[in-house]
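The values are calculated or read from the model by the stated rules, or taken from the named source; none is laboratory data. Keep in mind that what you see is a predicted model, and the values were worked out from it rather than measured. FYI the Cβ positions are ideal-geometry reconstructions off the backbone, even for glycines, and counts take in every protein chain you see.
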Amino acid sequence: MALLANWIPKIVASILLVYAAYGDLRKREVPYLSGVGMLLLGAVVLIWNQHWLLTAFYVIAVMGSRGGWWGLATIVVGLLTLAVPGLMGEAYPFILAILFIIAMFRFKAIGQGDAVLAFGLLAVAYRDGLWMPLVLLISSIVLGLIPLFWKRTPKEALDRAIAILRNFGKIDEDKEAVRFPWAVIAAVIGLIYFWLVSGEILL
């Protein structure tokens, strides 16, 4: 029964991620069902494993991605959660990564669909500490560097990097911006995690 309980979330997550990648490749947007599905799956994992403090932070963070008072509440709750004595070590990368994703979304460096996929993956993989945050970050950086250096001299690449920093958060105004289907990367990372890295997801 326990084995079946852990296969079900892995299969569901895999279907959602593949559907998200397909939608992103086809229409350059993450299907609503995939995004909400991954968000809910992340919440289910946290609730099932009875991490109530992280569940509260996760729910507030989802609301906080919209900004306003919810955004402030997310930062406050995140900092208070980090300050809790005896908090398990794997919680720190999860909380910091969620705050980073919110910041990137608010600065329009990533889209809403990408953000919700990242939220879900981080929540499902929270027990493995730095694994998911680091893999998502490194893969995104590498993919960002490829178009930066592609067919450019070092000086041209540096000029382009400076231009990106100056126009950070204004991707719609950047005529040279390369919009790659990030959901495909998220899907590949998620599938590797679920079927090659993770053990039990529901404890």
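Here is a check on your reading of the model: is VAL116 part of a helix (DSSP H, G or I) and buried (at least 22 other Cβ atoms within 10 Å of the Cβ)?
Taking the combined requirement at face value, the residue satisfies it.
Checking the condition closer than 18 Å to ILE201 by Cβ and at pLDDT below 90, which residue from ALA73, ALA91, ALA109 passes?
The match here is ALA91.
For VAL184, all conditions in the list (1) modelled with pLDDT of 80 or more; (2) out of contact with any helix residue (DSSP H, G or I) (no Cβ under 7 Å at 6 or more places or on another chain) hold save one; what is the number of the exception?
(2)
Looking at LYS27, is it under 26 Å from SER198 (Cβ atoms), out of contact with any Leu (no Cβ under 7 Å at 6 or more places or on another chain) and of a type in the set (Lys, Arg)?
no
Which residues, counting only those in region 123-132, are surrounded by fewer than 23 Cβ atoms within 10 Å (Cβ to Cβ) and in a helix (DSSP H, G or I)?
ARG127, ASP128, TRP131
Can you pull out the residues in region 192-203 that are farther than 13 Å from SER139 by Cβ and among the hydrophobic types (A, V, I, L, M, F, W, C)?
Hits for region 192-203 are PHE194, TRP195, LEU196, VAL197, ILE201, LEU202, LEU203.
Answer yes if at least one residue in region 80-101 is part of a loop (DSSP other than H, G, I, E, B), among the β-branched types (Val, Ile, Thr) and surrounded by fewer than 16 Cβ atoms within 10 Å (Cβ to Cβ), and no otherwise.
yes
Report yes if some residue within region 46-69 is of a type in the set (Gly, Ala, Ser), exposed (fewer than 14 other Cβ atoms within 10 Å of the Cβ) and more than 18 Å from ALA123 (Cβ to Cβ); otherwise report no.
Yes, there is a match, as at least one residue in region 46-69 is of a type in the set (Gly, Ala, Ser), exposed (fewer than 14 other Cβ atoms within 10 Å of the Cβ) and more than 18 Å from ALA123 (Cβ to Cβ).
Working only within region 21-42, note down all residues that are crowded, with 18+ Cβ neighbours inside 10 Å and aliphatic (A, V, I, L, M).
ALA21, VAL30, MET38, LEU39, LEU41
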